[in-house]
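The values are calculated or read from the model by the stated rules, or taken from the named source; none is laboratory data. Just so you know, these numbers come straight off a predicted model, no measurement behind them. Cβ placement follows ideal geometry from the backbone for every residue including glycine, while neighbour counts extend to all protein chains displayed. With ligands, DNA and RNA removed, areas are computed over all heavy atoms of the protein, side chains included. Shrake-Rupley method; radii C 1.70, N 1.55, O 1.52, S 1.80 Å.
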Amino acid sequence: MNRRRTPRSASAEDLLNTLQDLTARARREVEFHQARVELAQALQRDMLPAALPTLPGLQSAARYAPARHGLDIGGDWYDGFPLADGALGFAIGDVQGHDVEAAAFMGQVRIAMRAIAGTASDPGEILGRTNDLLVSVDSGLFATCTFLRLDPTTWELHSARAGHVASVWASTGGRSGVAEDPGGLPLGIEPGEGYPVTRRTLDCDGAIVLLTDGVVEGPSLLIEEGLERVRQLVAARAGAKAAQLADEVLGATEMTGHEDDAAVLVLRHAAARRGAR
C-alpha cells in the first residue's frame, strides 16, 4: 500500500531566511526610491531662482510645494530676470510628469528661456523660439508656461501663454478677474507655433498671481472652482505684501486634495510709483 507523502513543512529556519531575504530586498528598493526622491528634490531646489527681481512700486514673491507622494516632484517652476531691453521678465510653468526626468527637463526649459531672452524681449517670440528649440531636442516631454514682460518706465505688462492655466488679478479698489488670455500649444509639441501677446497697463494698485494647476485642480476640486476660489482670495488680499499673498495662495492647494506639485508667483504693483527707478 502506497502512501502519498505530504510536502515537507518549512522549518522555522527556512521561514526566517525567506523573511530576511524579502526584508533585504525591500530595504534596497526603498533606498533606491529614496535616492531618486532626494535627487529630484535637489534638482528642483537648485534650479529655482534664489531671488526674484523687484522695482520701486513692485514686489515679487514665489512659492513652491512638492506633491505629497513619492517622486511627484520637479514638474513646476518659476523664474524672474532682467530682459535684453531693460524690462523684467517673469515666467511660471509646468513640465509633463513629476519625476527626475521632469526636473531635468524643467531645468532645460528655464535655461533655454533665459538664453533666448538675452536677445529677445517680446514674450511671444521668447516662447516661440523656446518651443522650437525644445521640439528640436525631441525629448518626448512638453511644458506649459506663461511669460510676462514688465516695462519699468511705462508700467506696461505684456504676456504670452503656452497652454498654461490662467492667471488671477485684483486691484485694491475692488476689481478682480481671471485672465483667460489667448495662447498657443504647450512648449515642445509643434514646431513653428505662434504665441499671441496680450498688453495691459498697470494703472492701479493691485496684484497679479501666476500659478500652476496644482494650486487650483485636484481630486477634490475642478479647475474652474479652484480659480474662482483663488480669485476671491486675491480680491480680498490684494493690498497684502507679495510674500504674504504668495503664502496664502499656496495654502489654497489644501482644497484640491494636493496630489500634484504646485507653484505660485505673485507680482504686487503700486501704480502710484510706476516709472520710478
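Is it fair to say Ala238 is buried (at least 17 other Cβ atoms within 10 Å of the Cβ) and either modelled with pLDDT of 90 or more or closer than 21 Å to Gly80 by Cα (or both)? It would help to see each step written out before you state the result.
Values: buried (at least 17 other Cβ atoms within 10 Å of the Cβ): yes; either modelled with pLDDT of 90 or more or closer than 21 Å to Gly80 by Cα (or both): yes.
Judged against the criteria, Ala238 is a match.
Matching residues to (1) in a helix (DSSP H, G or I); (2) modelled with pLDDT of 95 or more; (3) in contact with a His (Cβ under 8 Å, 6 or more places away or on another chain); (4) under 28 Å from Ala102 (Cβ atoms):
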site: Asp203; (1), (2), (3), (4): no, no, no, no
site: Val215; (1), (2), (3), (4): yes, no, no, yes
site: Leu245; (1), (2), (3), (4): yes, yes, no, yes
site: Asp260; (1), (2), (3), (4): no, no, yes, yes
site: Ala263; (1), (2), (3), (4): no, no, no, yes
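In this structure, is Ser136 out of contact with any Phe, Trp or Tyr (no Cβ under 6 Å at 6 or more places or on another chain), assigned to a loop (DSSP other than H, G, I, E, B) and farther than 28 Å from Glu248 by Cβ? Before you say what the answer is, go through the steps one by one.
Numbers: out of contact with any Phe, Trp or Tyr (no Cβ under 6 Å at 6 or more places or on another chain): yes; assigned to a loop (DSSP other than H, G, I, E, B): no; farther than 28 Å from Glu248 by Cβ: yes.
Criteria not met by Ser136.
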Worksheet item: Here are some conditions: (1) touching a Leu at 6+ places or on another chain (Cβ under 8 Å); (2) closer than 26 Å to Tyr64 by Cβ. Thr201 meets all but one. Which one does it not meet?
Response: (2)
Discussion item. Looking at region 147-183 only, could you name the residues that are open to solvent by less than 40 Å² (accessible area, probe 1.4 Å), of a type in the set (S, T, N, Q) and more than 18 Å from the chain's Cα centre (by Cα)?
Written reply: Ser171, Ser176
Discussion item. Can you list residue pairs whose Cβ atoms sit under 7 Å apart, with the first residue in region 224-253 being among the aliphatic types (A, V, I, L, M) and the second being open to solvent by 80 Å² or more (accessible area, probe 1.4 Å) and in a helix (DSSP H, G or I)? Count only pairs 6 or more apart in sequence or on different chains.
Written reply: Ala252/Arg229
Response to the item:
Residue hits (region 76-116; out of contact with any Lys or Arg (no Cβ under 9 Å at 6 or more places or on another chain), more than 15 Å from Leu265 (Cβ to Cβ) and either modelled with pLDDT under 75 or not in a helix (DSSP H, G or I) (or both)) are Pro82, Ala84, Gly86, Val95, Gln96, Gly97, His98
Discussion item. What pairs come out if I take residues in region 204-216 that are open to solvent by 10 Å² or more (accessible area, probe 1.4 Å) and pair them with residues that are among the hydroxyl-bearing types (Ser, Thr, Tyr) whose C-beta lies under 8 Å away, six or more apart or interchain?
Written reply: Cys204/Ser171; Cys204/Thr172; Asp205/Ser171; Asp205/Thr172; Ile208/Ser167
Worksheet entry | Count of region 229-243 residues which are part of a helix (DSSP H, G or I), under 29 Å from Pro56 (Cβ atoms) and not β-branched (Val, Ile, Thr) | 6
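With respect to Thr144, determine if the residue is in a loop (DSSP other than H, G, I, E, B), in contact (Cβ under 8 Å) with a residue 24 or more places away in the chain, open to solvent by 10 Å² or more (accessible area, probe 1.4 Å) and not hydrophobic (A, V, I, L, M, F, W, C).
Against the criterion (in a loop (DSSP other than H, G, I, E, B), in contact (Cβ under 8 Å) with a residue 24 or more places away in the chain, open to solvent by 10 Å² or more (accessible area, probe 1.4 Å) and not hydrophobic (A, V, I, L, M, F, W, C)), Thr144 does not qualify.
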Fill in: region 183-201, residues that are of a type outside the set (A, V, I, L, M, F, W, C) and not in a strand (DSSP E or B)
Gly183, Pro186, Gly188, Glu190, Pro191, Gly192, Glu193, Gly194, Tyr195, Pro196
